[in-house]
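Asks: Can you read through this structure? Questions will come right after.
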Amino acid sequence: MREGRSRAYLRPGWLLRRVVNPLIARLGITPVLAVRGRKTGRWHAVPVNVLEHGGQRYLVAPRGETDWVRNLRAAGEGELRWRGRVERFRAVEVPDAQKPPLIEAYLQRWGAQVRAQFAALPDPADHPVFRLEPVAPAGRRS
């Protein structure tokens, strides 16, 4: 996490938060990130785009320091839920210096959806990125 800078965040509008995202999640259009809240410990879920790049999977935060970012930092792990499957993972935050090629790949894939957020927050340091490392299901060894 950066020190000495304010945390950039582009708050989504009411329609996106209350209608579009829940509908996307319910219809299973994209994976849903589930992560425990840093204050309550309750599960929170939000649709996400999972970037596959260089044999790894990543979550990129187009809107900056969102609640899911802060919760994922605090919890250190989460779940991806999609099409009846649940995949547990450990989240490793990517250093700012390693973000540019990941953000470029993210924009190539989902630029039509997120280009405005990256234009409003052009510094790659304003976009947290997490590498997802699989966690073996309970009761199994990897």
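Asks: Conditions: (1) at pLDDT below 95; (2) more than 15 Å from Leu51 (Cβ to Cβ). Gln113 meets all but one. Number of the miss?
Replies: With respect to (1) at pLDDT below 95; (2) more than 15 Å from Leu51 (Cβ to Cβ), Gln113 is out only on (2).
Asks: Here is a follow-up. Restricting to region 91-104, give me the number of residues that are over 15 Å from the mean Cα position of the chain (by Cα) and aliphatic (A, V, I, L, M).
Replies: Here the count works out to 1.
Asks: Which condition number does His44 fail, the rest of (1) within 21 Å of Val19 (Cα to Cα); (2) assigned to a helix (DSSP H, G or I) being met?
Replies: Against the list (1) within 21 Å of Val19 (Cα to Cα); (2) assigned to a helix (DSSP H, G or I), His44 comes up short only on (2).
Asks: Related question: Yes or no: region 135-142 includes at least one residue that is surrounded by fewer than 16 Cβ atoms within 10 Å (Cβ to Cβ) and on the phi > 0 side of the Ramachandran plot. First the steps, then the outcome.
Replies: Residues of region 135-142 surrounded by fewer than 16 Cβ atoms within 10 Å (Cβ to Cβ): 135-142.
Okay, now just the ones that are also on the phi > 0 side of the Ramachandran plot, so 139.
Yes, there is a match, as at least one residue in region 135-142 is surrounded by fewer than 16 Cβ atoms within 10 Å (Cβ to Cβ) and on the phi > 0 side of the Ramachandran plot.
Asks: Return only the number of the condition from (1) free of Cβ contacts under 8 Å to residues at least 60 places away in the same chain; (2) part of a helix (DSSP H, G or I); (3) touching an Asp or Glu at 6+ places or on another chain (Cβ under 7 Å) that Ala125 does not satisfy.
Replies: (1)
Asks: Anything in region 116-135 that is among the charged types (D, E, K, R) and under 16 Å from the mean Cα position of the chain (by Cα)? List them, or say none. If you could, list the steps in order and put the result at the bottom.
Replies: Taking region 116-135 first, the residues among the charged types (D, E, K, R) are 123, 126, 131, 133.
Of everything in region 116-135, those that are among the charged types (D, E, K, R) and under 16 Å from the mean Cα position of the chain (by Cα) turn out to be Asp126, Arg131, Glu133.
Asks: Output the residues belonging to region 20-66 that are of a type in the set (D, E, K, R) and surrounded by 14 or more Cβ atoms within 10 Å (Cβ to Cβ).
Replies: Arg36, Arg38, Arg57, Arg63, Glu65
Asks: Those residues that are of a type outside the set (A, V, I, L, M, F, W, C), in contact with a strand residue (DSSP E or B) (Cβ under 7 Å, 6 or more places away or on another chain) and not in a helix (DSSP H, G or I), I need them from region 84-122; list them, please.
Replies: Glu87, Arg88, Arg90, Glu93 - these are the residues of region 84-122 that are of a type outside the set (A, V, I, L, M, F, W, C), in contact with a strand residue (DSSP E or B) (Cβ under 7 Å, 6 or more places away or on another chain) and not in a helix (DSSP H, G or I).
Asks: What number of residues within region 67-99 are closer than 15 Å to Tyr9 by Cβ and buried (at least 18 other Cβ atoms within 10 Å of the Cβ)?
Replies: Just the residues of region 67-99 that are closer than 15 Å to Tyr9 by Cβ, to begin with: 67-73.
Subset that is buried (at least 18 other Cβ atoms within 10 Å of the Cβ): 68-72.
Summing the residues that are closer than 15 Å to Tyr9 by Cβ and buried (at least 18 other Cβ atoms within 10 Å of the Cβ) in region 67-99 gives 5.
Asks: What tally of residues in region 47-70 results from selecting those that are assigned to a loop (DSSP other than H, G, I, E, B) and among the basic types (Lys, Arg)?
Replies: Result for region 47-70: 1.
The values are calculated or read from the model by the stated rules, or taken from the named source; none is laboratory data. Note that the coordinates shown come from a computational prediction; the quantities given were computed from them, not determined experimentally. Neighbour counts are summed over all protein chains in view; Cβ atoms, including those assigned to glycine, are modelled from backbone coordinates with ideal geometry.
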